[in-house]
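The values are calculated or read from the model by the stated rules, or taken from the named source; none is laboratory data. Predicted model, so just to flag it, every value in this text is computed and none were measured. In this analysis, Cβ positions are derived from the backbone assuming ideal geometry, glycine residues included, and neighbour counts consider all displayed protein chains.
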Amino acid sequence: MRRTRWTAVAVSSVLAAGIALSGCSADASGDDGASSEATVVEHSFGSTTVEGVPERIVVAGSQWVDALLELGVQPVAYLSAAGRGDDRGLYPWQQDMSTEAKELDRAAAAYGAPPPVEEIASYAPDLVLTISTNLNPQSYEQLSGVAPTIPSITDQGVDPWEDQVAALGRVLHMEDKATEIIENRKGEIDALAERLPGLEGKTAVLSQFMFASNQFVIVADPEDGASQTFQRLGMTLPPSLLEEAGVSQGRIMLSAERVDALVSDLLIILPNGGTLEGLEALPGFTDLPSVKTGGLAVVDFPTVVAFNSPSSLSLGYGLDKITPQLEAVAGV
């Protein structure tokens, strides 16, 4: 089970909030009318059985939040972008969150912070969705004592977003809608790949440079959820990156001298705590192929989250932001 993540928990953790403390979060009849049917979800801590259709959901993890919102479900409490988002602690693609939703204490978004079990319990949830980053067996059991709890589905650094949508579709008895969401977004990505056939076989790197610690953090696992969108576009991780030692939870941390690890056709990078000028001051950065050929996308925090913790909603946002770079890499 996971213990680390490539940046602050706010990059990928969210607890989504709901329509009203007394309101329902989903149509209890579901796709098949079987509101009393139990659903078992396998995940990184074992499995969870959910009876009926949950009506009061507390959610942690931006991927879970996005899946709920796209399914048309409002949870009762959330923690998403915290201080990295808007005044409600939300990312730009999460604006369908009800104004009656309650944001949990943002202190819980800090890296390594334990889940706010008592605060979550105060909302009387019948389902808790979270990520495994800040969980251990004890805190997982505490949350499970409050309500059925589903943490990250896989043991990868980041779940494939389709897995979370599919799991929620089963739990909420909305499988048809979940399938539609997955197929529609994959269809849009496939259409982009068809429009830009020059992406086939090109390399892509998703990274950030932490100015405070003078380190790069780079997605380095092709099986990680953050890699799979680029694979669907026909792109790969650079072979040299796959040979790097020290990959943990799908990511690798390298010193500022390792600019060579960023050699790729497409480079998406967040200057975390700094600026483009600060990146350009790193020896060798301006000599990178992506810098010379138009494949460099220096992005803000929400955009890097859109790819690092992808969802159907976030990918729609993120791919729009880097379309010029994708076109340059494809030779359009």
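Numerical summary
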item	result
Pairs with Cβ under 6 Å, 6+ apart, first in the stretch 120-138 and assigned by TED's automatic domain parsing to the domain that holds residue 59 and surrounded by 15 or more Cβ atoms within 10 Å (Cβ to Cβ), second of a type in the set (S, T, N, Q) and not in a loop (DSSP other than H, G, I, E, B)	128/149
Elements of type helices (runs of 4 or more DSSP H) contained in the stretch 37-146, each with 1 or more residues being under 17 Å from residue 314 (Cβ atoms)	62-70
Any chance residue 251 is at pLDDT below 95 and of a type outside the set (Asp, Glu)	yes
Leading residue by the ranking (surrounded by the most Cβ atoms within 10 Å (Cβ to Cβ)) among those in the stretch 288-332 that are charged (D, E, K, R), farther than 15 Å from residue 203 by Cα and touching a residue at least 12 places away in the same chain (Cβ under 8 Å)	321
Qualifying position, being free of Cβ contacts under 8 Å to residues at least 60 places away in the same chain and assigned by TED's automatic domain parsing to the domain that holds residue 298, among 230, 211	230
